[in-house]
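Since the structure comes first, as structure tokens, the remarks are kept for the end.
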Amino acid sequence: MNATTIPQLFLEVCSRYAGRADKISYAHRDGTRWHGLTHDQLRDHVAAFADGLIRLGIAPGERVGIVSENRNEWIVADFAMAGMGIVDVPVFPTLTAHQEQYIYDNCQAVAIVLSNAAQLNKILAVWDALPNLKWVITMNPIASDDPRVLSMQEIMELSIAATTAQERRALYEQRSAAVKPDDLLTLIYTSGTTGNPKGVMLTHRNLVSNVDAATRTIALFDSDVLLSYLPMCHSYERMAGYYLAFTAGCTVYIAESIELVAELMREVRPTIMTSVPRLFERIQTRVLGAVERDSPIKQKIFAWALRVGTAKVRGSSSPLNALQYALADRLVFSKIRDRVGGRLRFFVSGGAALSVEVGTFFQIMGIRIVEGYGLTETSPVIAVHRLEDIVLGTVGQPLDNVSVHIADDGEILARGPNIMLGYWNDEQATRETIDADGWLHTGDIGEFDARGHLRITDRKKNILVSSGGKNIAPQPIESLIQQSPFVDQIMLVGDGREYCTALIVPDMDVVRQWAATAGMGDLPNDWVASSEELHRAIEADFSKRQRDLSKYERVRRFRVLAEPFTVDNGLMTPTLKVKRKAVAERYASLIEELYA
């Protein structure tokens, strides 16, 4: 890579594939139709929109929001702003009007680019509380009597009416040359699970250095096809599924919703895919559930195949095992790989810890999962597996331009060109996170194994301290219990308490199957929370899984919830992490009953 800024990277890649009508950069689906952009088309759209923004009077350094689901226009807006030195502020489209108001007032946004009428209505409801907001730009054409509301097409036509395509390209190159590596590229606001969101200031150098190191770490090719479904407003997908894939020349297909991922994997047949552990857990659950519904002979074949695959994963290299694995692969594993498209080279997992059990299951199936680790504040990757050196239970080794140090209390510290500039208008929080020597304090607890692979044990702030003074890391215990077929989601409770308890969301498909086998018939969802029969079944399963835990780590009591943790009900972040504080507040009385 020669680029030191995002617009330089953009121009390098577009020049590499100039004139290639057969090469798609990005494509998103609207219903059943795919809308693809060649690199030439993408460059023309970006140049026109960038020039239109300048003609609106938006100046370098000013902040402009992006509120949209993943789509081609998201990418056009981002590259256009980056080239003009405008700081974009993308947020999750699931945020409420009040949450968006806080962010865009905090950063003094002068314009917001948004996707549709629903997003527009949220901004219209709070516009009076945003004194700096001058323009709203819609990706979809929306009729409006408000002269401050314009469509992206109208913005582009401001430029098209005044310039030729060649002139627009030249203007983009000229203006983007003024953008420097240490200029602010973007503000990405944290989820705000412990208070108001903080704006993470990331520079061009931050993101480009992370992309550069990742390209030397993981082999991507311009023949690769990536299916993107994680929100591009999140640093993980923005770097890996967006900038990194673009740099390598991959074709990126954008899923219109998470619900369609299973269908699109079979349609797009990706060779690479970024994801979070929740998807892998769901795939494993569905595979095992389908096996349980199969005939006895197919169940025996699957069990035999698992034994053969487990032996191979554990290092067996005997000729007999090789022959058996080839047969197991033909009869069982290849069919499971077909469910994810049949040509996947590897998954990338991030955002949360991947359990060893789930990772092993996919290894047995012949599917590699490369796990990485990082934070929004680190642009985001700190460490990642190498394809030839995947060690389950770890997140691989640090990138070659990132230094990692384990503090005396076990906290992971990181330093390098990927470390954020700081938090927007919050010097105190910046000083609390980045020390005088430039080390960023991640808030995660970890250690290195003998081979230099980083292992994350838990979040520092999530460590539970029992009333007896015992430190309890909830994540490993939750991962263990989540292996129960009955459990879809779980949150451990026990800080300042005598013993551990848990709130559990059951896997309703498994519960219905269990109820049918027990002759209970088809039962309503709200029945599960009060069912003594289900409670006893789960309790029996727990007792087996917790045998190897220390007494103070074991879940002594639990409650089954009728409502799952979701983004919509505010109990999960958009990257599918449980909001522990929000769950604890929602179910405070239920938790107290567990300790009564």
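The values are calculated or read from the model by the stated rules, or taken from the named source; none is laboratory data. As the structure is a computational prediction, the values presented were derived from the model and not from experiment. Every residue, glycine among them, receives a Cβ derived from its backbone with ideal geometry; neighbour counts consider all protein chains shown.
What the table below lists for this structure:
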{"item": "Which numbered condition Glu377 misses (of (1) part of a helix (DSSP H, G or I); (2) within 21 Å of Thr575 (Cα to Cα); (3) modelled with pLDDT under 95)", "result": "(3)"}
{"item": "Condition met for Thr163 (outside the structural domain of Met420 (by TED's automatic domain parsing), in a loop (DSSP other than H, G, I, E, B) and either hydroxyl-bearing (Ser, Thr, Tyr) or closer than 27 Å to Asp40 by Cβ (or both))", "result": "yes"}
{"item": "Options Thr274, Thr251; residue that is among the hydroxyl-bearing types (Ser, Thr, Tyr), crowded, with 24+ Cβ neighbours inside 10 Å and under 20 Å from Val340 (Cβ atoms)", "result": "Thr274"}
{"item": "Conditions (1) modelled with pLDDT of 95 or more; (2) exposed (fewer than 14 other Cβ atoms within 10 Å of the Cβ); (3) outside any loop (DSSP other than H, G, I, E, B): number failed by Ile412", "result": "(2)"}
{"item": "Within the range 20-131, helices (runs of 4 or more DSSP H) holding 1 or more residues that are within 30 Å of Asp224 (Cα to Cα) and in contact (Cβ under 8 Å) with a residue 60 or more places away in the chain", "result": "39-56, 72-84"}
{"item": "Options Asp548, Asp444, Asp449; residue that is exposed (fewer than 13 other Cβ atoms within 10 Å of the Cβ), of a type in the set (Asp, Glu), within 30 Å of Met420 (Cα to Cα) and under 32 Å from the mean Cα position of the chain (by Cα)", "result": "Asp449"}
{"item": "Residue in the range 210-228 that is closer than 26 Å to Ala429 by Cα, among the charged types (D, E, K, R) and surrounded by fewer than 20 Cβ atoms within 10 Å (Cβ to Cβ) present", "result": "no"}
{"item": "Residue within the range 486-505 that is among the polar types (S, T, N, Q) and either at pLDDT 85 or above or not in a helix (DSSP H, G or I) (or both) present", "result": "yes"}
